[in-house]
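Structure record follows, encoded as structure tokens.
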Amino acid sequence: MEWSILFMGPVGAGKTEAIRSLSDIDVLDTDVAATDETALLKEKTTVSMDVGVMHLGGGDKLRLYGAPGQGRFDFMWEILIEHARGLVIMLNHANPDPLQDLAFYTGRLKGLLMGKTLPLVIGVTHTDERPDTSLAVYQDYLRRNPVPFAAGKIPLFRVDARRRHDASALMVALAAMLEMHERLAQPVRA
Ligand SMILES: Nc1nc2c(ncn2[C@@H]2O[C@H](COP(=O)(O)OP(=O)(O)OP(=O)(O)O)[C@@H](O)[C@H]2O)c(=O)[nH]1
Ligand SMILES: [Mg+2]
């Protein structure tokens with residue numbers, strides 16, 4: 001089996017870095033020197049997409065696509081979502097309001113998916129940069145604001161995108177959900 005996975009989330013959340021950590025091939029990235037307010041956060045930013053591949057064994061593989069975080073490139077989100085079979089939202093815990101980021105990306109994805117449901121996992125990065133590392137705020141938020149396009153429960157992980165081990169946890173959870181989602185979508189044979 002082969003599935004396309006789309007990584008979304010704000011600038012600096014670690015989408016490109018996670019794909020670099022996970023990919024078994026050299027990642028094709030479209031990072032360029034950041035200008036405007038993004039330059040205050042980081043040197044480079046994705047302007048089009050990142051592409052990587054992760055082999056799962058047994059011939060299964062994940063095609064990994066990273067979207068640009070900057071809203072001015074949001075036309076790419078529409079293109080990338082079309083082929084996505086699974087979603088990752090990356091959140092930067094050190095951002096001023098990561099719950100607002102979560103609300104923003106779930107809102108936009110809801111609009112882009114137009115009633116479709118997909119497996120979703122959430123990775124929370126940069127927890128090393130804040131004294132309060134609890135993920136309870138995200139779990140509470142998701143309980144109060146169910147994500148309509150998420151197929152099943154949403155696994156939530158603390159992730160340092162620079163570590164393959166951390167990023168892999170997201171992919172293991174997502175691969176299991178993808179398999180389940182596709183089996184359930186198949187017609188039952190008598
Ligand atoms: N300290 C710390 N740094 C991290 C963590 N995760 C990722 N980073 C770093 O954060 C920076 C952001 O990385 P990118 O992967 O470029 O972010 P992005 O989400 O692709 O951002 P855009 O392409 O601009 O939307 C990189 O320097 C990463 O190495 C983390 O958990 N802790
Ligand atoms: Mg990027």
Translational diffusion coefficient (Stokes-Einstein; Kirkwood radius from C-alpha pairs) of segment 16-97 at 10 °C, 1.306 mPa s, in µm²/s: 114
Whole-Hz couplings from phi, Karplus 6.51/-1.76/1.60, listed for segment 160-169; x for Gly and Pro: 9, 4, 7, 9, 4, 4, 5, 5, 5, 4
At most 14 other Cβ within 10 Å, DSSP loop - trypsin sites (Lys or Arg not before Pro), segment 1-52: 42
Low-density loop cleavage sites - trypsin sites (Lys or Arg not before Pro) in segment 110-190, where at most 16 other Cβ are within 10 Å (DSSP): 116, 153, 162, 163, 189
The chain - percent of accessible surface contributed by carbon and sulfur, probe 1.4 Å: 55
Under the Karplus curve 6.51 cos²θ - 1.76 cosθ + 1.60, θ = phi - 60°, whole-Hz ³J(HN,Hα) for segment 119-136, x wherever Gly or Pro sits: x, 9, 10, 10, x, 9, 9, 6, 5, 6, 9, 9, x, 8, 9, 5, 9, 4
The chain: relative contact order as a whole-number percent, Cα under 8 Å and 6+ apart: 23
Diffusion coefficient, µm² s⁻¹, Stokes-Einstein with Kirkwood Rh over alpha-carbon pairs of segment 94-159 at 20 °C and 1.002 mPa s: 169
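What number, in percent, do you get for the relative contact order of segment 30-142 if the mean sequence gap of Cα pairs under 8 Å and at least 6 apart is divided by its residue count?
For segment 30-142, the relative contact order is 19 percent.
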Mean accessible surface per residue for the chain, computed with a 1.4 Å probe while every protein chain stays in place, in Å²: 52
Of all DSSP beta bridges in the chain, antiparallel share, percent nearest 5: 35
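List the GluC sites (Glu not before Pro) in segment 7-61 that DSSP assigns to loop (not H, G, I, E or B) and whose Cβ has at most 10 other Cβ atoms within 10 Å. Which are they?
Filter output for segment 7-61: 43.
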Sorted largest first, extent of segment 2-183 alpha carbons per principal axis (Å): 45, 39, 32
Rounded to the nearest 10 Å², the accessible area of residue 72 at probe 1.4 Å: 130
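The values are calculated or read from the model by the stated rules, or taken from the named source; none is laboratory data. Just so it is clear, the structure is predicted and the values come from calculations on it, not from any experiment. Cβ coordinates were reconstructed from backbone atoms using ideal geometry, including for glycine residues, and neighbour counts include every protein chain displayed. The accessibility values were calculated without ligands, DNA or RNA, using every heavy atom of the protein model including side chains. Shrake-Rupley method; radii C 1.70, N 1.55, O 1.52, S 1.80 Å.
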